[in-house]
Structures are given as C-alpha cells and as structure tokens.
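The values are calculated or read from the model by the stated rules, or taken from the named source; none is laboratory data. Worth saying up front: this structure is predicted, and the values here are computed from it rather than measured. With ideal geometry, Cβ positions are generated from the backbone for all residues, glycine too; neighbour counts draw on all protein chains shown. Protein only, heavy atoms only, side chains kept; ligands, DNA and RNA dropped before computing areas. Shrake-Rupley method; radii C 1.70, N 1.55, O 1.52, S 1.80 Å.
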Amino acid sequence: MGTLNWIIVLGYLTYVVVDGVRRAKGTKEIEGYFLANRSLPWWAVGLSVMATQLSAVTMIGTTGQGATDGIRFVQFYFGLPIAMVILGVTLVPFLHGAKVFTAYEYLERRFDAKTRSLTAFLFLILRSLSCGTIIAAPAVVFSAIFHWSLPVSVAIIGIPTVIYTMIGGVQAVTWADVKQMVIIVGALVAVVVVLFVKMPVHPGAALHIAGATGRLKAFDFHFTLKEDYTFWSGIIGGTFLMLSYFGTDQSQVQRYLTARSVDEARSSLLMSAYWKIPLQALVLLVGVLVFVFYQFKAPPLLYNPAQEAQVEAARGPQYHALQQRYAQAFAAREAAARTLADAEGPRAKSEAKAVFRDREADVDTIRSDALAMVTQVTGDASKDVNYIMPRFVIDQLPVGLSGIFIAAVMAAAMSSIAAELNSLSTTSVIDLYRRWIRPEASDKHFLTVGKIATAFWGLLACFVATYAARLGSLIEVVNLFGSFFYGSILGVFLLAMIKRARPVGAFFGLIAGMAAVAGVAYFEPEVTFLWYNVIGALVVVGVGMALSLLPPRTSASPQPSAR
Amino acid sequence: MDPSEDPAPDGRRTFRRTLLRVMIVQVVALALLWLLQARFGG
C-alpha cells in the first residue's frame, strides 16, 4: 500500500494509545474511570455518541451497500431524530438525574434487583458477542486485502483499543472518539472530492447515471412488514430501535451519563440527531459515486482478492472466460454511460437510460455468475460488497489519502469497540460485582476490578472475533438475538416512567415481551427485525401494566440494600 | 437532583432552540434527498 500510507496508519494507532494512556492521569476512583466525574462538555459527548454508533461496518459495508443498492438504506435512520427528541424529554432527565452508573442500576431503584440483574445479564451476553463481531468485520477485510492472517488483523485492531480503554477509562474513550470522528468525516469528505475530481463526466451527469439504476431512490412509501428499508419501517420501527439503543443500551447511555448536566446530556443527543441523516447519506453517496466511477474505469470482477485467487486456482479456465465476457460487457456499459452523460433533451435521455440499464443488467449477470463460482469453490456465500470500498481506496486514491482512509476505518472500529468494552466493564463491576459479590469494597478495589474486567472483555471479544469470522452467519445470529430483547428492555424502561407500574409487571412483562418476539420470529419469519422492537416494547408495556394493576397477593419482602 | 425534576428554565429554552434547529436540519436533509430522487432518480 506504500510506505507513507503505513506511516500514517501506524502514527495514528500510536497517537491514540499514547493519548489514551495520558488521559489516565487523575483517574483515581470509579466515578472518574466510568463516568469522567460527570464533567464532559456536550459537544465531546455528542461526538462520542456518534463515533460509537459509526463502526467500521459503516465505512466499508455501508459504502459498499451504497455502490450496489443505492441510498435507500438512509430510511433506516429516519426515526433517529424523533427518538433523540423523545429521549431528551423522557429518559435522559431520569437517568442523568438519578446519578446512576448504569441504566440497569436505575431499574433496581424503580423496580427490583431481579429486573436489574436480568437486563444487565442480557446486555453483557449480547454486547460481548457483538463486540467480537465488530472487530471481526474489518479484520476479515484487512486480512484479505493486506494478506495478513486473521489473528494478526484482529490483534492490530483489538489490542491498541483494549490498552487505551483499560488504562484511560471513559475519558480516554470519549476524547479518542472526538478525534476519531474528525478523521472519519475528514476522510469521507476527501474521498467525495477525489471522486468528483477523477470522474470523467460532470457531477450532474454522474448523478443521472446513478439515478438511472435507481440508486438515488431515498424514499419508499410502500407499507409492508416484510421489507427492511421503507419510509414506514424507518419512521416507526426505526424510532423504537433507536429508543431502545440510545435509551437502554449501556454502551450509549454511559456516553451521556458523563455529561456535566441534564441539559448537556440532552444537547449531546440532539447533536447526533442533527448530523446522523446527513452523515449517513454522505456515506451512502460515497458508495454511489464509487459505482459511477467504475462505469469509466474497469473494476475487478471480484473485489475480494483472496477469493479471486481461490477461484483462479480452482476454476482457472472458466474464470478467465468469465473475465473476457466481463471486459466486453464493461466496454458496452461504458459506451452506454457516456451516451447517457452526453444525452440532451428528455427523449434522448430516456432512450439512453434504457440502453444503459440493459448494459448494466448484462454486467450484473456476469458478476452474479462470478459470485456463484465463489460459493461453489469456497462453500461460503461471498460478501464481495464489503470489499468494494477497500479496493477502491487502495487502487484509486492518491498516496496518503488511502492511509488516512484505512486509519479512519480503524478509528471507526476502535471507537465502537472502546465504548462497548467500557460499558461491559461498568456493568460487570456495578451491576454484578459490586451488587452481589463485594458491596463494601473500596473505590480503589473497584477501579482495579474495572480495569481487569475491561481487559477480560477485550480479550474475549478478540477471541470471539477470530471465530466469528469463520462462522459467517454468527453475525446475523447475534443481530437477530439482540433484536429479540432490545424492544422488550425498552418496554421495561417505559414502564419505569409509569407511576402505577410495579416490579412484578416489569419482570414478567420483560419475559412476555421476549417470548412474543420469539413467537413472531418463529411463526412469522417474514416480518422484518425492525418491527420486533415495536412488538417487544408494546407487549412489555401491555402485560406489565395488566400485571401491575392486579391487586398484590402479599406485601413484598424488603430488598437488600442496593448500591 | 430528583430524577423527575425538570431542568432549569434556561436549559429548557436552550433545549427548545436546539430542538427547532434539529427539526430544520432534518427537514432540509429530507428535502435534499427528495430533490435528488425527483431530479435524478427517474
């Protein structure tokens, strides 16, 4: 990839670790280690919230999705600003004002210890697995592109993150997130500029070419429970998903618990609401522009170099024949794209679009044949879409900028991993260790246990990442598993804000919500996961309130003192 | 602070102002996406 690029990547990794370790100074008690003494400014917290949500998958998977499927995925985020506003006036004042370390701690104050422990336990299971998959996604891509072994890829991303998170705590995580957001947005904007500069047609023509294939269709008003990305699933399902994620997931809640005040916590969430849709549209637009760029510059038939080598070794003559067909189809499509770019007048444009779509379909057919060959040779469904952006970055970007983009992908991965490790450590120490094992130990002891817990979860995540990459479907399983109870946990927090809700309703409502979602997933598998959050939350509130309104059988025995 | 206690009036005013700005940015972003679809998506 070139020495300068590697110097940039190594320089960035070193800087993040050194700065993280420097932030450790002054962190002598758990309030500082886990919550930065609730002293951080809203803009830093806001950038941290955004960086946590923007993972390496966004940088490589979502841009690839933009190249192959267009910008319709942006609808997934339509509910986010609504959710942020709702949280700003409901849960944030409750959680920040309660001076808790974790969202689950608040549930014990409001309900009982078993509801707190169950939600904390579910969080630990889900987040530890998902943390592994967050490392695995970029590690697999780096492994294929740079010919590193998978454990080396995992270690390069995971180890520096574990070091700065373990030593520096939430201060290191947040300030690293701020820098990471700067490098991520800077890299994306630079790529857009380069794409427009290198594009052989003017920007308007480039957008006409993208639009001809439906890649600029941002709105789909068709109402169905069976499609992931429609306006309605984004607005309704997306709102519930974002309410669950930002309102009840400790990896997000912990970000705004570090803010100086309730108002600064709310402002940090609104900052995310400001920028999420424009930022996500930018990420997808980068992918769309890469698609247009490859109308004029021949792209590889397979973007994943490792799989391409495997196919060439196993099916050399067949693959080379396919490559020849691909070259001819590409030349025909390029000519059609240039005709479309030069077309003037509605009729000429319409005819040029029709021809271009036919040529694009020819290219797609050949790519599908190549991907089918990959599946036959390797036994796995190809995830070639994840390699479009990395191949573009390495083959087409100028020296220096490709290094910055790779550093940005690492930054995106590290910011998400660090927030998850930090929150896993907080939940294990506060909700389990301090609550059930050593309630009377000193702050110094909890600080040490917190650091050990961070290292433990980090190493476990690296271990999971190494195996998750080999078990491709595990990522989908983890996401599906998460959506089973995300909405249900949101339901418990909604109950917490209803005065008449009682502990029995919260606990059994939670179980009923998860069972209802599992039932829908089993009996109606076509219902898309975004609706699981709506179903889970509504069932928990319904069942929880029904149980709460029943007359209590006996007076509850007093709970042990909670910390 | 009591969990349900309202933030200070100044904070509420800032929140409302920020909320208005958020809504304006969202409307502008959605309008631009709509324009992109209507102008080039056919």
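Numerical summary
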| quantity | calculated |
| --- | --- |
| Portion, in percent, of the accessible area of region A:370-425 that falls on carbon or sulfur, probe 1.4 Å | 56 |
| Per-residue ³J(HN,Hα) for region A:82-88, Karplus 6.51 cos²θ - 1.76 cosθ + 1.60, θ = phi - 60°, Hz, x for Gly and Pro | 5, 4, 5, 5, 4, 5, x |
| Shape call, region A:1-142: gyration tensor on alpha carbons, a/c limit 1.5 | oblate |
| Farthest toward positive dipole pole in the protein assembly as shown [+1 Lys/Arg, -1 Asp/Glu at C-beta], among A:Ala259, B:Leu33, A:Pro525 | A:Ala259 |
| For A:Arg72, solvent-accessible area (1.4 Å; no DNA, RNA or ligand), Å² | 80 |
| Rg and Dmax of chain A, Cα atoms only, in Å | 24.8, 81 |
| Members of A:Lys217/A:Lys353; A:Lys276/A:Lys349; A:Lys99/A:Lys276; A:Lys276/A:Lys353; A:Lys226/A:Lys297; A:Lys217/A:Lys276 lying beyond 26 Å, as alpha-carbon distances in this model show | A:Lys276/A:Lys349; A:Lys99/A:Lys276; A:Lys276/A:Lys353; A:Lys226/A:Lys297 |
| A:Phe142 accessible area, assembled protein chains, probe 1.4 Å, Å² | 10 |
| Highest to lowest packing among A:519-525, A:367-373, scored as the average C-beta count within 10 Å | A:367-373, A:519-525 |
| Radius of gyration and Dmax over the Cα atoms of region A:305-381, both given in Å | 16.0, 49 |
| Solvent accessible area, Å² - A:Leu126, 1.4 Å probe, full protein context | 10 |
| Alpha carbon Rg of region A:144-300, scaled by the compact-globule rule 2.2 N^0.38 Å | 1.33 |
| Helical mean residue ellipticity (222 nm; -39500 (n - 2.57) per DSSP H run of 4+; nearest 500) of chain A | -25000 deg cm²/dmol |
| Solvent exposure ordering (accessible area, 1.4 Å, most first) of A:Glu312, A:Glu526 | A:Glu526, A:Glu312 |
| Assigned charges on the beta-carbon of Lys, Arg, Asp, Glu; region A:305-381 dipole about Cα centre (debye) | 200 |
| In sequence order, calculated HN-Hα J values of region B:25-36 (Karplus, 6.51, -1.76, 1.60; Hz; x Gly/Pro) | 4, 5, 5, 5, 4, 5, 5, 5, 5, 5, 4, 4 |
| Relative contact order (%) - criterion: Cα under 8 Å, at least six apart; region: region A:305-381 | 40 |
| Check: the protein assembly as shown dipole with +1 on Lys, Arg Cβ and -1 on Asp, Glu Cβ, in debye | 1200 |
| Principal-axis tilt of helix A:443-468 within chain A, Cα atoms, nearest 10 degrees | 30 |
| Residue-wise HN-Hα coupling along region A:485-501, computed from phi with Karplus coefficients 6.51, -1.76, 1.60 (Hz; x: Gly, Pro) | 10, 4, x, 5, 5, 4, x, 5, 5, 5, 4, 4, 8, 9, 4, 7, 5 |
